[in-house]
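Structure, as structure tokens:
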Amino acid sequence: MEEKVKVRGLHKYFGDLEVLRGIDLDVYKGDVVCIIGPSGSGKSTFLRCLNMLEQPTHGEVTVDGYLLTKKHAQIDKIRQNIGMVFQQFNLFPHLSVLQNIMLSPVDCKLLTKTEAEDVARKLLARVGLAEKADEYPRQLSGGQQQRVAIARALAMNPDVMLFDEPTSALDPEMIGEVLAVMKDLAEDGMTMIIVTHEMKFARDVADRVIFMDGGVIVEDGSPMQIFDETKEDRTKKFLGMVM
Amino acid sequence: MNFTRVFQEAIPSLAWGFLMTVEITLISLFFAFFLGLIACLFNTSKKRALRYIAKFYIWLVRGTPMLVQAMFIYLGLPQLIQLLIYPDFRLTAFQAGAIVLSLNAGAYIAEILRGGIQAVDPGQMEAARSLGMSKSRSMYKVILPQALRISIPSLVNQSIITLKDTSIISAIGLAEIVYQAKIYVGKSMEFFATYTIIALFYLAFVTLLTWLSSYLEKRLNYGRKG
Ligand SMILES: Nc1ncnc2c1ncn2[C@@H]1O[C@H](COP(=O)(O)OP(=O)(O)OP(=O)(O)O)[C@@H](O)[C@H]1O
Ligand SMILES: [Mg+2]
């Protein structure tokens, strides 16, 4: 099986604070990996190290066979292949929905304007927002904005998608529509790494669940192994609190 | 206090003077904007040398009165250049004035834009970078448009300040409106009427700028209500 993400001995310090304390991970093509864990355990930091939004202090990160942590890595080029979805959506408020999606493929010269518009409209239809193409992010609900953000990331035709708590900023009634889009993506074979507090989603959709605590991976297994059969006290305690 | 007399005698020269005022203001603001943008990008650059250049420029402009700068550029600088490079070097009052006003407004605009850039959510840069756009392209396509929108009121404010600052340039003999007024009141002694009319010229233009500001802010609303 094709390895998409490989992490070896990853450490991250913020000043004196060691936030990631040696992480190893292998993710293969089509894997859907959910990362769960208590607040401050380093989940976001770990995810952000995978596309170099944070610079790892030690260790190696390889995505699609390309070593990101080497000196003079062509980081912009690699990132085109790694989509990221943020908790706060981070849509560009000065651009229409369509322009948000078209911006990067055109600016990075992956697509012409016409091609990009075509792709953008198809993706909007896929996330159920075809009729919102000409509106501005501000005019959309949170759930709609997050779906546009997913479409925007997909427009780069990435091999791997990273999600950092994509539903945590949403009103409860909008969580479902975003999870549905993600589930659709997972079924389509996208390789996904998702930091989430949605345990039901993790159980239903994930191939693997990773429990992080204190900057390390405490457990890594199938949803059943983590949610039903865990022998780790820390996992039990965490699951006891959130479920 | 004979307004009719002042109107008949002085309006042509005052209007010409005001045209000069507006002309030098607009030209200076044009250069100041690019100067300010460059200084701002230098100031926020990772390269220390660029940051120092920007900081030195802003420090120099903020730390000296504009009148002194005007004298320096108009009289002092040409002397130096005549001595070192080109013996016939001269600047007109308009050129020297435009340089001084551009340098001044540029320094303040640099700070305005820096504030605007800092006011943009850092998540915007992260989103653009995570899509694979380079830092400079992200700046140009994502951060600057938002920073400019935020900066409009301050930029218009700076334009008003520059408009008023042109009166200082009358000190080096630029025939703008205050200069024309001084000449006229010297002959006619019509202080009240003349300076009232001058104030009205300025007020009219500042009002225009204020309208422009709210128009721009509305135009760049991006679906914001109200
Ligand atoms: N830029 C930063 N500078 C300094 N400390 C940071 C920075 N980012 C994160 N941290 C610290 O690193 C630790 C891990 O943060 P991180 O955001 O990765 O946790 P998390 O697991 O995502 O938590 P949450 O569930 O609340 O999002 C926290 O103690 C946090 O305060
Ligand atoms: Mg987090």
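The values are calculated or read from the model by the stated rules, or taken from the named source; none is laboratory data. Nothing here was measured: the structure is a model prediction, and the numbers come from that model. Using ideal geometry, Cβ is built from the backbone for each residue, glycine included, and neighbour counts are taken over all protein chains shown. Side chains included, ligands, DNA and RNA excluded: accessible areas come from the protein's heavy atoms. Shrake-Rupley method; radii C 1.70, N 1.55, O 1.52, S 1.80 Å.
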Using the Karplus curve 6.51 cos²θ - 1.76 cosθ + 1.60 with θ = phi - 60°, what ³J(HN,Hα) values do you get for each residue of the range A:123-135, in whole Hz, with x for Gly and Pro? 5, 4, 4, 5, 8, x, 10, 3, 7, 9, 3, 9, 7
If one compares the long axis through the Cα atoms of helix A:172-187 with the longest principal axis of the Cα atoms of chain A, the angle in degrees, nearest 10, works out at 90 degrees
Could you give the distance between the Cα centres of the range A:197-212 and the range B:149-212, to the whole Å? 67 Å
Dipole-positive endmost among B:79, B:65, A:81 within the protein assembly as shown (Cβ charges, Cα centre): B:79
After finding the eigenvalues of the alpha carbon gyration tensor for the range B:1-139, what semi-axes result from the square roots of 5 times each, listed largest first in whole Å? 38, 23, 12
Quote the total accessible area buried by chains A and B together, excluding ligands, DNA and RNA, probe 1.4 Å, nearest 100 Å². 2000 Å²
Return the distance in nm (one decimal) between the two label points of a simple spin-label model at residue A:3 and residue B:85, each offset 7 Å from Cα along Cα→Cβ. 6.1 nm
So, in nm, how far is label residue B:51 from label residue A:11 when the simple model puts each one 7 Å beyond its Cα toward the Cβ? 2.7 nm
Could you please state how large a percent of the accessible area of the protein assembly as shown is carbon and sulfur, counting protein chains only and using a 1.4 Å probe? 59 percent
I'd like the Karplus ³J(HN,Hα) series for the range A:227-236: coefficients 6.51, -1.76, 1.60, θ = phi - 60°, whole numbers in Hz, and an x wherever there's a Gly or Pro. 7, 10, 10, 5, 10, 7, 4, 5, 5, 4
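Heavy atoms only, 1.4 Å probe, whole protein assembly: order A:111, B:60 by accessible area, highest first.
B:60, A:111
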If you take the square roots of the eigenvalues of the alpha-carbon gyration tensor of the range A:64-188 and sort them as a ≥ b ≥ c, do you get rounded (a/c under 1.5), prolate (a/b over b/c) or oblate? oblate
Counting only the heavy atoms of the protein chains, how much of residue A:58 is accessible to a 1.4 Å probe, in Å² to the nearest 10? 100 Å²
Connecting every pair of Cα atoms under 10 Å apart in chain B and solving the GNM, the largest mean-square fluctuation among B:200, B:163, B:77 falls on B:200
What number comes out for accessible area per residue over the range A:13-133 if the probe is 1.4 Å? Units Å², please. 44 Å²
Rounded to the nearest 10 Å², the accessible area of residue B:210 using a 1.4 Å probe with every protein chain kept is 70 Å²
For the range B:20-86: rounded, prolate or oblate by the Cα gyration tensor [a/c cutoff 1.5]: oblate
Accessible area of the range B:34-120 divided out per residue, in Å², using a probe of 1.4 angstrom: 59 Å²
Starting from the Cα gyration tensor of the range A:34-104, take the square roots of the eigenvalues, sort them a ≥ b ≥ c, and report rounded, prolate or oblate (rounded when a/c is under 1.5, otherwise prolate if a/b is larger than b/c, else oblate). oblate
On a straight-distance basis, which aspartates and glutamates could pair with residue B:135 in a cross-link, Cα separation under 14 angstrom, same-chain partners fewer than 8 positions away excluded? A:76, A:107, B:126
Over the alpha-carbon set of the protein assembly as shown, divide Rg by the Kirkwood Rh and report the Rg/Rh ratio to two decimals. 1.14
Find how many whole Å separate the alpha carbon centroid of the range A:1-59 from the alpha carbon centroid of the range B:34-104. 49 Å
Checked against the positive end of the charge dipole of the range B:1-100 (+1 on Cβ of Lys and Arg, -1 on Cβ of Asp and Glu, about the Cα centre), the farthest of B:14, B:40, B:92 is B:40
Which GluC sites (Glu not before Pro) from the range A:139-243 combine a DSSP loop assignment with at most 15 other Cβ atoms within 10 Å? A:229, A:232
Per q in 0.12, 0.16 Å⁻¹, report the Debye log10 I(q)/I(0) for the range A:130-243, using one uniform scatterer on each alpha carbon and no solvent. -0.49, -0.81
For the range B:106-120, Karplus-derived ³J(HN,Hα) couplings (6.51, -1.76, 1.60; θ = phi - 60°; whole Hz; x for glycine and proline) come out as x, 5, 6, 5, 4, 6, 4, 5, 4, x, x, 5, 5, 7, 6
What do you get for the angle between helix B:3-43 and the principal long axis of chain B? Use alpha-carbon atoms, 0 to 90 degrees, nearest ten. 20 degrees
As a quick test, which of the pairs B:141/B:218; A:12/A:70; A:43/B:141; A:132/A:200; A:132/B:141; A:70/A:109 have an alpha carbon distance above 18 angstrom in this structure? B:141/B:218; A:43/B:141; A:132/A:200; A:132/B:141; A:70/A:109
Note down the accessible area of residue A:236, probe 1.4 Å, to the nearest 10 Å². 110 Å²
